[in-house]
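*Asks:* Let me begin by handing over the structure; questions about it come next.
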Amino acid sequence: MNGLVKLEKRDGVAVVTIDNPPVNALSPGVPEGLEAAIAQANGDADVRAIVVIGAGRTFIAGADIKELEFAAWGQPAKLPALHGLLAAIEDSAKPVVMALHGTTLGGGLEVAMAGHYRICARDGVVGQPEVNLGIIPGAEGTQRLPRLAGVEKAIEMCVTGKPVKSGDAMAAGVVDAVVDGDLLEEALTFAKGVADRAPAPTRERNEKLGTPEGNAALYAAGRALAAKVRRGALAPLKAVEAIEAAVALPFAEGCRRERELFAECVASDQARALIHAFFAERGVTKLPGITKDTAARPIARVAIIGAGTMGGGIAMACANAGIDVLLRDTEQAALNRGMDTIRRNYDISVARGRFTPEGVAERMARIHPQLSYTGFETADAIIEAAFENMAIKKKIFSEIDAIAAPGCVLGTNTSTLNIDEIASATKRPESVVGLHFFSPANVMRLLEIVRGAATSNEVLATALGFAKKLSKVGVVAGNCPGFIGNRMLFPYMYEAQFLIEEGAMPEQVDKALTDFGMAMGIFAVDDMAGIDVAWRVRQELKHFAEPGVRHPPVQDKLFEMGRYGQKTGRGWYVYGPDRKPAVDPEVTALIERTSAEAGVTRRAFTAEEIVERTIYALVNEGARLLEEGCALRAADIDVVYINGYGFPARLGGPMMFADQRGLAKIAARVAEFHATLGERWTPAPLLTRLAAEGRTFRDYDRERE
Ligand code: T1G
């Protein structure tokens, strides 16, 4: 047909193979090739049935997101006009069998649903993940899926975007058979078995649709589900609306309605932000000096120092990925506590059905608790997860330097400390790298990889490969205090504290932030992370040591009162047995007293002002560290904030949010804050410059690619 789609005949069956690596996306040429192949097979008297199959690792994984990105930014895009293709498949006089494997997603599933039959390899998944990109299925998926799977299942799949496994897809009616053997052979057998039957178009299968009145509760439940799993997102609601149209309207009109809703979504800020987030996440591994040929070390065994919360979580993350773990602590009691916690966490996973008891037994067997460094010489990586204290970390690094095998990666799970100083305790600073895991380390997707002055490319490549093996997204940061994430968090967090001195209350600030879309408010985060931990970091980093720097005193007072947050049941909030934060009048009084002592007349703040003061602080610091080179790209900062700090993906991360709100608007406000609030609001030169030139952080990234 063309280079992307080929046609061959096997025993009276036309085999149409899509070959567009890596994921057979519907890039320009693929739909055309498919349509031509279907036409040719129909015109060939020797052909009795047609099989469509994907070469390589998957059937079609959807439309080409690069083209969607163009469309989202209003640039000329070659988005496939799939409607003609789908009609050609569905109207084929000869039965079309879709042979699915890998990830049949988005436009891939939509093409498959236009076929007359679908068979799926056992380990395959199918899904409509468009909401992850801020859009809805745009190639009649919202019209055919409810016809195959029923309205309830279609809503669930389109609203959550989660792919379903082959068995579930079969139970739901999305596929007709799940097969174990060679997929092509199975498809040929299947095709020959149905070759003599008249093909039944999916669009005419109306029996599962129900009626608008009868489905009212399902639509309401769908909207509730959208609000729960994707708070503030537009696309899932539009997906429900499109499925309603499938029920209420004839097929062709339903498709027209879907197209309109799709067009609304593609042109939205949310689609731009989410498509940006998709490529940003895949772009983080692209680093100067690192190529496919950079010798990354496979990680099969990891030794961890410290069996506390972080060490234990890292051990679980490794064990989950099939990595052997030596877990060392200096005291038996601490080791026992660490292992008990790991066991308890796994028990919860079994109770929730996430793992089987056998799966947990396998994982536990991979974790070897010990008091000594025995066996550390066999580790591919050693990760120190001790107290956040420079002296302790340096001592540990000098010890492991003496034991570790040549080429072993020496990682430190510091969240703020200077990697070069830690590396100076060894004779091999090139092997030292920061591996900043986020708590709980077995759950959180982000791994900040900190490059020291001497860290070698091989070690960085190994760390990136390690992150992938752990199913995490590894983002490389420079060795500045707090790296990317925490460095930006400090001004954001302190600004929230200044706000409460000036008249807001923690619960009001947190509400403004969660309404904005943050997963948690900053005061709730502080209570979770530990007010004692924050206090220790302040001492290490000497945040307020310079004369004239404004210092927020309430947090210190909470520390002195032993209110360490969730762990002591009291912090900024008070926590009952349900662990939900509640306002504590004692804190309210403390805040009011602090304002009075400072001679501050408290005033009211709007939610918008709170967002500006906090989120713009994040953006301003982000611009600063970007220009310093602590982050390689604005997009990397966005990936850090979405995956590690609960920033809403639908806003694309702080830098994309800033772009979309308008850098000129933000720069003007930052300048105002600078004039009224002082030096800490000094505008980042990059922000000022980009705003003045009418450019964006996205432009900045592009120009430096
Ligand atoms: N378009 C373009 N490039 C894609 C792509 C796609 N659909 N999917 C993946 N890639 C690239 C990706 O950027 C990366 O490139 C490489 O493939 C490997 O991906 C009409 C409008 C398929 C499960 O949302 O979920 O259809 O970085 O590193 O972990 O209604 O990619 O190597 O240069 O992620 O094995 C719907 C998105 C589109 C699927 C594979 N489809 N992709 O995961 O590898 S909208 C999706 C994924 C649509 C219709 C609508 C995953 C994957 P590079 P990877 P992976």
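The values are calculated or read from the model by the stated rules, or taken from the named source; none is laboratory data. This structure is a prediction, so every number in the text was calculated from the model and none was measured. Virtual Cβ from ideal backbone geometry, glycine too; neighbours counted across all protein chains shown. Remember, those area values only see protein heavy atoms, side chains included, never the ligands or the DNA or RNA. Shrake-Rupley method; radii C 1.70, N 1.55, O 1.52, S 1.80 Å.
*Asks:* Taking the condition touching a Lys or Arg at 6+ places or on another chain (Cβ under 9 Å), more than 21 Å from L145 (Cα to Cα), open to solvent by 20 Å² or more (accessible area, probe 1.4 Å) and free of Cβ contacts under 8 Å to residues at least 40 places away in the same chain, does D11 pass?
*Replies:* So D11 fails the test.
*Asks:* Please specify each residue of segment 504-518 satisfying the condition of being farther than 12 Å from T606 by Cα and either open to solvent by less than 30 Å² (accessible area, probe 1.4 Å) or not hydroxyl-bearing (S, T, Y) (or both). Please lay out each step first, then the result.
*Replies:* Keep residues of segment 504-518 that are farther than 12 Å from T606 by Cα, which gives 506-507, 510, 514-518.
Hits for segment 504-518 are P506, E507, D510, D515, F516, G517, M518.
*Asks:* Run down V459, V476 and say which single residue is at pLDDT 95 or above, part of a strand (DSSP E or B) and aliphatic (A, V, I, L, M).
*Replies:* On the way: V459 fails: part of a strand (DSSP E or B).
None of the other options fit; the residue is V476.
*Asks:* Taking segment 51-64 on its own, how many of its residues are touching a helix residue (DSSP H, G or I) at 6+ places or on another chain (Cβ under 6 Å), β-branched (V, I, T) and within 11 Å of the ligand (Cβ to nearest atom)?
*Replies:* Residues in segment 51-64 being touching a helix residue (DSSP H, G or I) at 6+ places or on another chain (Cβ under 6 Å), β-branched (V, I, T) and within 11 Å of the ligand (Cβ to nearest atom): 1 in total.
*Asks:* Give all pairs with beta carbons closer than 6 Å in which a residue from segment 37-60 that is of a type in the set (G, A, S) meets a residue that is open to solvent by less than 10 Å² (accessible area, probe 1.4 Å) and more than 16 Å from the ligand (Cβ to nearest atom); count only pairs at least 6 apart in sequence or on separate chains.
*Replies:* So the pair list comes out as A37/V5; A37/V16; A41/A14; A41/V47; A41/I50; A49/V13; A49/P95; A49/A191.
*Asks:* Which ones in segment 390-414 are open to solvent by 50 Å² or more (accessible area, probe 1.4 Å) and among the polar types (S, T, N, Q)?
*Replies:* Of everything in segment 390-414, just one residue is open to solvent by 50 Å² or more (accessible area, probe 1.4 Å) and among the polar types (S, T, N, Q), namely S398.
*Asks:* Same structure again: Confirm whether L287 is open to solvent by less than 30 Å² (accessible area, probe 1.4 Å) and either away from the ligand (no atom under 12 Å from the Cβ) or part of a loop (DSSP other than H, G, I, E, B) (or both).
*Replies:* yes
*Asks:* If N2 passes every condition in (1) modelled with pLDDT of 95 or more; (2) open to solvent by 10 Å² or more (accessible area, probe 1.4 Å) but one, which one does it miss?
*Replies:* Single failed check for N2: (1).
*Asks:* Find the residue count for segment 629-672, including only residues that are farther than 17 Å from P491 by Cα, acidic (D, E) and open to solvent by 10 Å² or more (accessible area, probe 1.4 Å).
*Replies:* 1
*Asks:* Do we find that T285 is polar (S, T, N, Q), more than 28 Å from R650 (Cβ to Cβ) and at pLDDT below 95 in this structure? Let's see the steps before the verdict.
*Replies:* Working: polar (S, T, N, Q): yes; more than 28 Å from R650 (Cβ to Cβ): no; at pLDDT below 95: yes.
For T285, the condition - polar (S, T, N, Q), more than 28 Å from R650 (Cβ to Cβ) and at pLDDT below 95 - is not met.
*Asks:* If you scan segment 42-62, which residues turn out to be in a helix (DSSP H, G or I) and exposed (fewer than 15 other Cβ atoms within 10 Å of the Cβ)?
*Replies:* Taking segment 42-62 first, the residues in a helix (DSSP H, G or I) are 42-43.
Of everything in segment 42-62, just one residue is in a helix (DSSP H, G or I) and exposed (fewer than 15 other Cβ atoms within 10 Å of the Cβ), namely G43.
*Asks:* Determine whether segment 543-562 contains at least one residue that is outside any helix (DSSP H, G or I), in contact with an Asp or Glu (Cβ under 7 Å, 6 or more places away or on another chain), over 30 Å from R451 (Cβ atoms) and modelled with pLDDT under 95.
*Replies:* For segment 543-562, residues outside any helix (DSSP H, G or I), in contact with an Asp or Glu (Cβ under 7 Å, 6 or more places away or on another chain), over 30 Å from R451 (Cβ atoms) and modelled with pLDDT under 95: present.
*Asks:* Given the options F657, F605, name the one that is closer than 20 Å to Q270 by Cα and either at pLDDT 95 or above or out of contact with any Leu (no Cβ under 7 Å at 6 or more places or on another chain) (or both). Walk me through it before giving the result.
*Replies:* Values: F605 fails: closer than 20 Å to Q270 by Cα.
Matching residue, one of F657, F605: F657.
*Asks:* Still on this structure: If A39 passes every condition in (1) of a type in the set (G, A, S); (2) under 27 Å from K162 (Cα atoms); (3) open to solvent by 10 Å² or more (accessible area, probe 1.4 Å); (4) away from the ligand (no atom under 14 Å from the Cβ) but one, which one does it miss?
*Replies:* Every condition holds for A39 apart from (2).
*Asks:* Let me spell it out: the conditions are (1) surrounded by fewer than 21 Cβ atoms within 10 Å (Cβ to Cβ); (2) modelled with pLDDT under 95; (3) under 21 Å from R203 (Cβ atoms), and D91 meets all of them except one. Which number is the exception?
*Replies:* (2)
*Asks:* Filter segment 116-155 for residues that are open to solvent by 10 Å² or more (accessible area, probe 1.4 Å) and within 11 Å of the ligand (Cβ to nearest atom) and give the result.
*Replies:* Result: V125, P129, E130, N132, L133, G138, E140.
*Asks:* Now, a different point. Evaluate the following for F278: is it aromatic (F, W, Y) and either within 30 Å of L513 (Cβ to Cβ) or within 16 Å of the ligand (Cβ to nearest atom) (or both)?
*Replies:* Considered against the rule, which asks whether it is aromatic (F, W, Y) and either within 30 Å of L513 (Cβ to Cβ) or within 16 Å of the ligand (Cβ to nearest atom) (or both), F278 comes out as yes.
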